[in-house]
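Note sheet for the following structure.
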Amino acid sequence: VKKVLIDCDPGIDDALALALAHGSPELDVLGVTTVGGNVELAHTTDNALRLRDFLGMTAPVARGAGQPLVTEPINAPAVHGVAGLGEAQLAAARTELDPRHAVQLIIDTLGAAPGEVSLVATGPLTNIALAVRTEPRITEWAADFTIMGGSYTRGNRTPAAEFNVLADPDAAAVVFEAGWTTTMVGLDLTHQARATAEVRERFADLGRLEAELLTPCLDFYGRHRSYRELGPAIHDACAVAHLIDPSLITTVPARVDVETRGRFTTGMTVTDFDAADLNAAVATELDADRFWALLADSFRRASDG
Ligand code: BDR
Ligand code: CA
């Protein structure tokens, strides 16, 4: 069983990533930290708490950064809904936030078991950059580090940039330059994970998980213009799935640098597959059939308990 800490901005696909992590018998979620992103920090944090109660998770939830390091905040309410979870109306949280800042929870959790805890980030990288700057040894302590973010072909928020990287390009640059290997699960990979009608059938009999979370989230998400044709991409769950079963996703070693100030390309993850000074493992291909089977299986376990 792998121990994992998840930094996220729920967010519809973040919510599904949490359900996947919680339902997987391969993972033990040690903590959830929140960052402003898809919606503002107050909402992403409240959503993380509500999701913890709804899913029956026990991991601490800690609030992190509400603003990018340097740039102005951007959000995506048109994709995720004004409160961040589409049309889902989860009950108000009954449990409390961890009193620590997310950055402290990240440092404490990784430092308590060096080499044993995986770190996954599915939102803008502000908290991770602050944690790296505060305690650089986290780059050695993390068993591995995986992000949903970036792309080596095209962006989504702009032609060049993926949302999570664009939302805090300076943080992303710090993270990629920190000396560890970042596994980049970017749009090139996550656009292979489309929740089509056929896929949705696999989730049809999952009780309250389906009725109260999957359907109201995915119905809303799927109506966004970028997803209407091919179905909504469940980006963040791909990063968690990589941790559960690395054989689901092909990765290629590369050098990734973040464009922090471009005329048209701010937030671009410039990926060099021929570089000598590697800093990343870049996801290229998804075994979609096995990915959806994993989600259905883990969601079933999450809904049972
Ligand atoms: C990423 O941006 C957010 O909207 C999603 O939650 C995902 O993490 C996709 O670009
Ligand atoms: Ca996200």
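Throughout, read-outs are computed from the coordinates displayed, never taken from laboratory work. This is a predicted model, so every value here is computed, not measured. Cβ: placed from backbone, ideal geometry, glycine included. Neighbour counts: every protein chain shown.
Brief remarks follow.
- Chain lengthening between Ala197 and Thr134 when straightened (0.36 nm per residue, less Cα-Cα): 18.2 nm
- The shape of the chain comes out rounded: with a ≥ b ≥ c from the C-alpha gyration tensor, a/c is under 1.5.
- Taking label positions 7 Å along the Cα-Cβ direction at both Ala293 and Glu229, the computed distance is 3.1 nm, reported to one decimal.
- Annotation: amide H of Glu285 within the under-5 Å range of Thr250, sequence separation 5 or more or interchain, hydrogens built in the peptide plane.
- Burial order of peptide ranges 80-91, 238-249 (average beta-carbon count within 10 Å, highest first): 238-249, 80-91
- Highest average packing first - 33-42, 157-166, 254-263, Cβ atoms within 10 Å: 33-42, 157-166, 254-263
- With the simple spin-label model, which puts each label point 7 Å out from Cα in the Cβ direction, the Ala112 to Gln67 separation comes to 3.1 nm.
- Taking the C-alpha atoms of the range 227-291, convex hull volume expressed per residue in Å³: 128
- The separation of the range 152-199 from the range 73-89, counted between C-alpha centres, amounts to 19 Å.
- Efficiency of FRET from Cβ geometry, Ser247 and Asp205, R₀ 35 Å, rounded to 0.05: 0.80
- Order by protection proxy (mean Cβ within 10 Å, highest first), peptides 13-22, 98-107, 224-233: 13-22, 98-107, 224-233
- GNM flexibility winner over the chain from Thr134, Thr109, Thr181 (Cα, springs under 10 Å): Thr134
- Each residue, Arg94 and Glu285, gets one label point 7 Å from its Cα in the Cβ direction; the gap between the two is 4.7 nm.
- Test item: Cα-centred dipole of the chain, Lys/Arg +1 and Asp/Glu -1 on Cβ, debye: 440
- Extended-chain gain in nm, criterion 0.36 nm per residue less alpha-carbon gap, Glu87 and Thr265: 60.8 nm
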